[in-house]
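Since the structure comes first, as structure tokens, the remarks are kept for the end.
The values are calculated or read from the model by the stated rules, or taken from the named source; none is laboratory data. No experiment lies behind these values; they were computed from the predicted model shown. Neighbour counts run over all protein chains shown; Cβ positions are idealised from the backbone, glycine included.
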Amino acid sequence: MKRFIAFLITLLMICGSAICEDVATPTDLIEEDLVEIEDDDWGKIEITFERRVYISMDKEPEYLGDTMILVATLVDF
């Protein structure tokens, strides 16, 4: 029984190595696909946000010279 199990494992290993493909190496790539990264390159984000500012007043001033409180809400900053 041990010989049979060893034979099956050996057969599976041989079939598995015949089926799997070769691993790609850096020499397989075309030079156009390669990207060089500089040491001081921090990258950049190219996402554009639609920045919005909403301004509201707590309460309307009643008299000239009253203190007015404005609340600004910033979106996508």
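Do we find that residue 59 is among the basic types (Lys, Arg), modelled with pLDDT under 75 and assigned to a loop (DSSP other than H, G, I, E, B) in this structure?
So residue 59 fails the test.
For region 1-52, give me each residue that is part of a loop (DSSP other than H, G, I, E, B), modelled with pLDDT under 65 and either of a type in the set (Gly, Ala, Ser) or closer than 30 Å to residue 73 by Cβ (or both).
Scanning region 1-52 gives a single hit, 24.
Within region 53-63, can you find the residues that are under 14 Å from residue 77 (Cα atoms) and not β-branched (Val, Ile, Thr)?
Once the filter is applied, which keeps residues that are under 14 Å from residue 77 (Cα atoms) and not β-branched (Val, Ile, Thr), region 53-63 yields only 54.
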